[in-house]
Amino acid sequence: MAELRLSMVFFFLFIFYYINLSTVESSMARARHFKHPDTKAFIEVSCQTTLYPALCIKCLARYANSNVRNEQQLAQVALTVSLYKARSTRSYMLKVAKELESIKSKECPALRDCLQQIDDSINQLSHSIRELRRFDLKAGMTDDLFWHIDNVDTWISAALTDASNCVDEFPGHRMSKMKATIKGKVMNVAQLTSNALALFHRYAARYRSATNKKP
């Protein structure tokens, strides 16, 4: 009799566990179903404010499953993507520069100038990411907040200028495959940085507009 009761206890515990597990899994599935489309739509709408919306959506769509829920987080992700691409481009250019130096190519000076500009872009993007993380929105619209906003704006703009100047090191359309590859990679960095700047401006606009409305 005791064994029968024990068996019944385990049976009901199993049923209780199974029902709760199914409920949790069902809730998680519903959360995924509703959360992802919302984030994807948010990214797509935000990217329409950039100069390169198709590139913006393509690069940020992979974060549709993450917790990107507001303009600050999206700007942070866009800057991180731009920084990653700049570092990747720098690694490729260093490899090419080493090969060109070994054969004493006349293209080395232009490549070195471009490398210096990409280095500057990387530093400025890194500064902007760290500065954006320092934003204390709980403190309200203080002078300190606008000082941080101006800093981020300045650094992203400078990073974009440096990347664009690097592109200018390779003028025209007729060029070697190596030059065309470098120009394409650097142009991609410039476009991603331009998009990141636009997304940051979209985020910062709410605070600037609120300040302008003050009597």
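Among the trypsin sites (Lys or Arg not before Pro) in the stretch 72-170, those placed in a DSSP loop whose Cβ has at most 13 other Cβ atoms within 10 Å are Lys104, Lys106, Arg134.
How much area per residue is accessible in the stretch 59-168 when the probe is 1.4 Å and only protein heavy atoms are counted (Å²)?
Values: 5910 Å² over 110 residues.
So the stretch 59-168 comes to 54 Å² accessible per residue, rounded to a whole number.
Straightening the chain between Cys108 and Ser126 buys 3.8 nm, computed as 0.36 nm per residue apart minus the Cα-Cα spacing.
Within the full protein context, the accessible area of Asp150 is estimated at about 80 Å² for a probe radius of 1.4 Å.
Please go through the residue pairs Lys40/Lys98; Lys40/Lys85; Lys58/Lys104; Lys58/Lys177 and name each one whose alpha carbons sit more than 31 Å apart in this structure. Going by Cα-Cα distance, Lys40/Lys98; Lys58/Lys104 fall outside the 31 Å limit.
Ranking Tyr203, Tyr84, Tyr92 by solvent-accessible area of protein heavy atoms (1.4 Å probe, all protein chains present), from largest to smallest, gives Tyr84, Tyr92, Tyr203. Would you mind classifying the stretch 77-186 by shape? Square roots of the alpha carbon gyration tensor eigenvalues, ordered a ≥ b ≥ c; an a/c under 1.5 is rounded, otherwise it is prolate if a/b is larger than b/c and oblate if not. Note, shape of the stretch 77-186 comes out prolate.
The values are calculated or read from the model by the stated rules, or taken from the named source; none is laboratory data. Keep in mind the model is a prediction, meaning the values are calculated, not measured. All Cβ positions, even for glycine, are placed from backbone atoms using ideal geometry, and neighbour counts span all protein chains on display. Each accessible area value is taken on the protein alone, full model and side chains, heavy atoms only, with ligands, DNA and RNA left out. Shrake-Rupley method; radii C 1.70, N 1.55, O 1.52, S 1.80 Å.
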